[in-house]
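Just so you know, all these numbers are worked out from the coordinates, no wet-lab data involved. Quick caveat, the model's predicted, so the values are computed rather than measured. No Cβ is skipped: glycine too gets one built from the backbone with ideal geometry, and neighbour counts run over all protein chains shown.
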Amino acid sequence: MYEAFKVLADRKKVIYDADIEALCEQQVHQGEVQNAWTLEAVTCNAGSATIPSAVVCLWHRDGGVHRDSALGDGPVDAVFKAIERITGINVVLKDYRIRSVTVGEDAQGEAQVEVEHQGKSLTGRAYSTDVIEASALAFLQVINRLSLQSAAEKRIRPTENPV
């Protein structure tokens with residue numbers, strides 16, 4: 001929690017109570033599961049005269065660093081597509097919301113995503129002073145749950161007896 005606070009303090013001029021509350025909530029949600037994937041970097045390009053694109057770099061818990069890029073209908077869509085390409089997990093985005101958590105030009109934004117995967121609905125939520133980063137983190141939260149669920153199902157399946 002302290003490390004996350006220091007990073008936020010370096011990004012913002014003033015820290016509000018809502019910033020600390022958002023940090024606490026994010027730390028609680030991150031502690032729920034061991035992440036298969038961690039966001040290392042995200043960059044995107046968008047504008048009225050360009051095709052939105054994104055480059056995403058993810059670290060996998062096996063120690064590998066994976067990078068990919070994608071085009072999208074907007075910068076967030078491009079980020080989500082790049083994450084799907086890296087992880088191999090595809091979902092249907094049902095809802096995407098973004099809101100300001102605090103005030104000011106350096107306010108933290110909250111991104112919330114709702115996705116559907118194999119008939120199940122999952123949500124992710126993350127905070128950052130960069131709404132693209134918050135969006136990527138929220139999406140990755142859902143992808144991590146699906147990744148860990150898939151790994152658990154593989155361990156539970158009974159092995160076939162050789163004939």
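Full extension of the chain between residue 60 and residue 120 yields a length gain of 19.2 nm, computed as 0.36 nm times the residue separation minus the alpha carbon distance.
Sorted on the mean count of surrounding Cβ atoms within 10 Å across their residues, most packed first, peptides 101-109, 81-89, 60-68, 48-56 read 81-89, 101-109, 48-56, 60-68.
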